[in-house]
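Before any comments, here is the structure.
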Amino acid sequence: MSTPRIATLADRTLDFVMRLVEAPINGFEWLFGRKRMPYLFLAPNLVLFGIFTFLPIAIAVGYAFTGGTELFVADRPFVGFDNFRQLLACEDYSSPGSCRESLFWTAIWNTLWFVGFNVAATLLVALVTALILNRAIAACGFFRAVFFYPVLLSPVVIGLIWKWFLDRNGLLNAFLQMLGVPPEIFLLDVGWSRFFVVVVSVWFHMGFYTLILLAGLQAIPKDLYEAAAIDAASPRRTLLRITLPLLGPNLLVVLILLMIRSVQIFDEAWVLTNGGGPGTANSFIVQYIYQMAFGSDLRLFGLASAASVLMGVVLLILTLIQLRLGRRMES
Amino acid sequence: MSTSLDPVAFLTRTRRPGRVGVTDILSWLWLIGGTLAVLIPVAWAGLSSLKPEAEITRFPPTLLPRAAVQKTVTGFENPLSLWKVTVDGETREMAMVRRIGLKAQMVDPNEPGKPVSIDVKDISPVQQLTAATENYTDPLTKFDFLTFLKNSVFVTFVATILTLIVNALAAFALSKYRFRGDKAIFVLIISTLMIPLTVVMVPAYLVVVGVGLVDNLWGIIIPTIASPTGVFLLRQYMLTIPDELIEAARVDAASEFRIFWRIILPLTAPALAVLAIFSILWRWNDFLWPLIVLSSRENFTLQVGLNAFQGEFSVQWHYILAMTFLSLLPVTIVFFFLQKYITTGIAGTGMK
Amino acid sequence: MGELKLTGVNKAFGALTVLHDINLTIEDGKFVVFVGPSGCGKSTLLRIIAGLEDISAGGIEIGGRDVGRFSPAERRIAMVFQSYALYPHMSVRKNLAFGLENLKFKRSEIEARIQEAARMLAIEPYLDRKPRQLSGGQRQRVAIGRAIVRNPDIFLFDEPLSNLDAALRVQTRAEITRLHRELKTTMIYVTHDQVEAMTMADQIVVLNSGRIEQVGTPLELFDNPRNLFVAGFLGSPRMNMLKGTVTAIEDGSVAIDVGYRIALPAKLDPAGARIGQPVLAGIRPAHFTLSQEEGLPFIVQYHESLGTETYVYGTLDGQSEQIIIHQAGHFAPKAGGRLFLMPMPERLHVFDPDTGLALPRAVEEPRRVHEHA
Ligand SMILES: Nc1ncnc2c1ncn2[C@@H]1O[C@H](COP(=O)(O)OP(=O)(O)OP(=O)(O)O)[C@@H](O)[C@H]1O
Ligand SMILES: [Mg+2]
């Protein structure tokens, strides 16, 4: 009977530690009553949210309307809408060079192009993959896992892996040479580098969206397909009339989610393109904010915050649309 | 069964046992192609990370890590590299003494005599599979890689533990109590999902400066602890725990905290596991926030350190790739064993 | 010790009042059953006694202490939940020990109490199993065991048998009754099953829409339901109701005309009735005598034979309301046939259809215990 005794000994030690931890908390309960306990349980969370999420929002707004390079809002001169004016001053919005903050507008246009191509490509690839995986294919779990694997990797790792893959001495060039194509330094070419930023982004994230779309597809009742088959509906009609309409809400949510995430492209592109190169070909909006605030010794927090606020508004609108869709989906 | 090439038919037709149509072939091609697209860059980086420095920039590259075979030849101090030499239609293995322009001085390693001069176009290196383990051991010993690794492990571990406790407490309050303001607080917490870090990073940095945590590992741990995703995930799970259990515990004279600790936490284990996995991945892979907050090298996490490395050693790919692979390893292992939990967890919450 | 006293208890969830002015005293050691239809507030009342729910107004005393502000543990009660609410991640032993550990009992004392309860409930073989490895009946016993080890002043049961199958329910019912005899502790038991109420209770509390309709021993309620609700709720099949009018009042008896030129004599207090008053005459199925030519004309629709007894379903001639009669032994009237029924006068219950209250009876004479349906 030695094992139970050890067990009770361990139990007792644990019990003792527990009592030490819970003593002050139980003291609170004894003082203020059981009804007040949820406030105590919420306190750590709310304090952290308050300090690191809500306070920054307030400060962000304060920063956007002040200038100078001081760190603390109170030390900074109020400049009204100057930061926004500076960001938005432009003769011709389609050519960033004519704008006062040409970098900002370059970043905006780069981001817009990226969002457009990335959303379209990711959605297409994820949808096709989800439809195929939904066809009760053997080893579905294996493929799902493989496609999902990159989602878990760090953006830095992905940036480096692809940088090496696309290197002058990399595998892609080796393959092209086998076909007789001369080697190319892809990441130093404006067109190619932009193309591969989208490729890497699709490669990175498509598994996640595939998973969500697959869950949506599997939630469509099977008997609908059986009914369609009995009605002799063609595959095209089945896709257009049953699958896509029923998947519609999921598709919309995925679309918005993709947009929200694409607008915030930074990490993997930063590593892959050595900070937005060649030149500013892959300089995106988050990178602009980062560089304004932390990239140089200038510390243009005001300008960076104004840009953050503008981006925040866009993201907020997208999120509200998403929430609305989500609610409609539930009902 | 029609075997049309209609792309729509290809996507929607369900498989029937015993028949292999064009649709099936195309599906398999897509899936296998996709699998290769996912695995090849990773595998290529992995194989390359085992190549010795001299080999890694060779073009066209070899697929597998190989190195020239070295041989000690009597009469020569240093080991010489072995080459295949074709002279007069006959192929022999010879060791190269030195190379001058288009001529190479070679000796027969078995009967070393006077070196003979041979055209370089007639020789090709003799190679064997190698694993350049120094790519892995050097960063661990010579560079700060071990420091980065230690920092990353510390941050990931501490942040995950705190994330679990803090968010589980909040989720408990929001799922099992009715109190004034409960709905408002829940909405408030969930609304922070809408505020991505990229939007508040500048002022959040200021706050971290204000509380004196800049360039400090706690500066990247504490701000990330409270997680709306975590609260949401745990709360939804706790809602499924019957209230009667809590009432039974109250009748059993348990304090509220004891109910949390002894009843709720053990029963929330599956959701806690999902959140733990998420948290580990988030913290391990975090880049932008540590990049902003950490400034001195001894505080760098793995991701920031890797990024710094590639700036400094931009040509030393053998080191960069080895370190990349080391940082990818834990995630891969976690994924290999917990793949099912991760995918169902994400499909269930729609978050990552 | 386990005496319970509720005075003027009110309970509201927001704007919805679910308990109205509950006054109730339960003596120490009694087995009291709360019955009533679903949603009438039985569980709420029980949870108020347990301290799991606050009261909106009123007072609550246990053993003479005002426990209104006490936590469940301080009230020294124990509760058995409908779903058992066993902690799924703890072994049976841990389940039983949890409450005692919280109260900082000594290990040896905890172990002794667990052994004692396990012996009493015959759950010793399962002590190291998890709840999910137990059958429904075993879980039920563990739930009861968890209450017993606490040695409470009052046991509270909320529909503890409703998840069990019929055979097990009968067996566990008997076991709980036996436990009550052994422990002699106050037990309050919620059910909506009237058989449980009738067989187990020392005292029944009938609740309806948040009000106490009547309190009494099972037979009191059966024989003298205070109102239409209690009359209809207790007894199975339910009491038959005939519309009638008071036609004559004599000393010690009141004549009630229910049509068919038949005046039923009822033993009512003459002061409580007046001539011409419309009433409802209630007769339980077992309280008819059959005759061939005299009485209420009854058209047989069908009958159910249970071997030892028979229920006959039909209507009174020209009416549509179903009447049920009970006969001992075999009895097989033809469908469509006609019988004549005579209610037993001393078994007649008379109600005022407006207030639903029973008309006061003539001065009680002692009555023998009788069998009932
Ligand atoms: N937490 C609550 N909030 C609002 N209304 C409640 C709450 N709990 C109970 N009620 C309401 O109070 C009334 C009484 O509920 P209670 O659970 O006491 O009924 P019950 O008699 O136990 O019924 P059953 O036999 O179905 O268990 C019901 O109308 C119910 O809807
Ligand atoms: Mg109930």
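Selection of first residues in segment C:14-25 that are under 12 Å from residue C:44 (Cβ atoms) and of second residues that are of a type in the set (Ser, Thr, Tyr) and near ligand 1 (Cβ under 10 Å from one of its atoms), restricted to Cβ pairs under 9 Å at least 6 apart or on distinct chains, gives the following pairs, ordered by first then second residue: C:18/C:44; C:18/C:209; C:19/C:44; C:20/C:209.
The residues in segment B:61-88 that are within 27 Å of the chain's Cα centre (by Cα) and assigned to a loop (DSSP other than H, G, I, E, B) can be counted, and the count is 5.
In this structure, residue C:91 qualifies as in contact (Cβ under 8 Å) with a residue 24 or more places away in the chain, among the polar types (S, T, N, Q), closer than 26 Å to residue B:264 by Cα and away from ligand 1 (no atom under 16 Å from the Cβ).
So, in segment C:197-212, of the ones that are within 16 Å of ligand 1 (Cβ to nearest atom) and within 8 Å of the chain's Cα centre (by Cα), which residue ends up nearest to the other protein chains (Cβ to nearest Cβ)? That would be C:205.
Residues that are at pLDDT 90 or above, closer than 30 Å to residue C:315 by Cα and not assigned by TED's automatic domain parsing to the domain that holds residue C:270 number at least 2 in the following strands (runs of 3 or more DSSP E) confined to segment C:155-256: C:203-208. A Cβ distance below 7 Å, combined with a sequence gap of six or more or placement on separate chains, defines the contacts here; from segment A:52-80, residues that are away from every other protein chain (no Cβ under 11 Å) and over 26 Å from residue B:221 (Cβ atoms) reach residues that are in a helix (DSSP H, G or I) and of a type in the set (Val, Ile, Thr) in the pairs A:66/A:73.
Got a number for residues in segment B:286-333 being among the hydroxyl-bearing types (Ser, Thr, Tyr) and surrounded by fewer than 21 Cβ atoms within 10 Å (Cβ to Cβ)? Residues that pass the stated criteria total 4. Can you tell me which residue in segment B:228-255 is nearest to residue A:18 (Cα to Cα), limited to those that are at the interface with chain C (Cβ under 9 Å from one of its Cβ atoms) and among the aliphatic types (A, V, I, L, M)? Checked segment B:228-255; the qualifying residue nearest to residue A:18 (Cα to Cα) is B:254. Determine whether segment C:291-298 contains at least one residue that is part of a strand (DSSP E or B) and closer than 15 Å to residue C:345 by Cβ. Within segment C:291-298 (the criterion being part of a strand (DSSP E or B) and closer than 15 Å to residue C:345 by Cβ), the answer is yes, since at least one residue qualifies. Among the residues of this structure, residue B:175 does not count as one that is among the hydroxyl-bearing types (Ser, Thr, Tyr) and closer than 24 Å to residue B:154 by Cα. Checked against the criteria, residue B:308 does not count as out of contact with any Ser or Thr (no Cβ under 9 Å at 6 or more places or on another chain), of a type in the set (Gly, Ala, Ser) and within 7 Å of another protein chain (Cβ to nearest Cβ).
Set side by side, the residues C:98, C:13, C:70, C:105 differ, and just one is over 17 Å from residue C:212 (Cβ atoms), more than 23 Å from the chain's Cα centre (by Cα), within 14 Å of another protein chain (Cβ to nearest Cβ) and within 16 Å of ligand 2 (Cβ to nearest atom), which is C:13.
If the condition is being away from chain B (no Cβ under 14 Å), within 16 Å of ligand 2 (Cβ to nearest atom) and touching a Lys or Arg at 6+ places or on another chain (Cβ under 7 Å), then segment C:18-46 contributes C:18, C:19, C:34, C:36. In this entry, residue C:135 is excluded by the filter for residues that are within 16 Å of ligand 1 (Cβ to nearest atom) and farther than 30 Å from residue C:64 by Cα. For segment C:47-67, filtering for residues that are away from chain B (no Cβ under 13 Å), in contact (Cβ under 8 Å) with a residue 24 or more places away in the chain and among the aliphatic types (A, V, I, L, M) leaves 4. Residues that are of a type in the set (Val, Ile, Thr) and without any contact (Cβ under 8 Å) to a residue 24 or more places away in the chain were ranked within segment B:223-258; the one that is farthest from residue A:264 (Cα to Cα) is B:251.
For beta carbons closer than 7 Å, sequence separation of 6+ or different chains, a first residue in segment A:21-46 that is at the interface with chain B (Cβ under 7 Å from one of its Cβ atoms) and a second that is acidic (Asp, Glu), the qualifying pairs are A:29/B:256; A:34/B:256; A:37/A:29; A:37/B:256. For segment C:187-238, a residue qualifies if it is crowded, with 19+ Cβ neighbours inside 10 Å, of a type in the set (Gly, Ala, Ser) and more than 16 Å from ligand 2 (Cβ to nearest atom), and the qualifying residues are C:201, C:231, C:235.
Residues are listed down the side, and each one gets a yes or a no for (1) more than 10 Å from chain B (Cβ to nearest Cβ); (2) under 25 Å from the mean Cα position of the chain (by Cα); (3) in a helix (DSSP H, G or I):
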residue: A:172; (1), (2), (3): no, no, yes
residue: A:182; (1), (2), (3): yes, no, no
residue: A:237; (1), (2), (3): no, no, yes
residue: A:241; (1), (2), (3): yes, no, yes
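All told, residue B:154 meets the bar of being outside any loop (DSSP other than H, G, I, E, B) and among the hydrophobic types (A, V, I, L, M, F, W, C). Consider residue B:87 carefully, then state whether it is at pLDDT 75 or above, aliphatic (A, V, I, L, M) and exposed (fewer than 15 other Cβ atoms within 10 Å of the Cβ). Judged against the criteria, residue B:87 is a match.
Conditions (1) within 30 Å of residue C:174 (Cβ to Cβ); (2) within 16 Å of ligand 1 (Cβ to nearest atom); (3) loosely packed, with under 15 Cβ neighbours inside 10 Å, marked per residue:
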position	(1), (2), (3)
C:18	no, yes, no
C:37	yes, yes, yes
C:48	yes, yes, no
C:70	no, no, no
C:83	yes, yes, no
C:87	yes, no, no
C:97	yes, no, no
C:104	no, no, yes
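In this structure, residue C:60 qualifies as farther than 27 Å from residue C:137 by Cα and surrounded by 20 or more Cβ atoms within 10 Å (Cβ to Cβ). Of note, residue B:234 satisfies the criterion of being within 24 Å of residue B:196 (Cβ to Cβ) and in the same structural domain as residue B:329 (by TED's automatic domain parsing). Flag not set for residue C:281, criterion: closer than 21 Å to residue C:229 by Cα, part of a helix (DSSP H, G or I) and touching a strand residue (DSSP E or B) at 6+ places or on another chain (Cβ under 8 Å).
The values are calculated or read from the model by the stated rules, or taken from the named source; none is laboratory data. Values in this document were obtained by computation on a predicted structure and should not be read as measured data. All Cβ positions, even for glycine, are placed from backbone atoms using ideal geometry, and neighbour counts span all protein chains on display.
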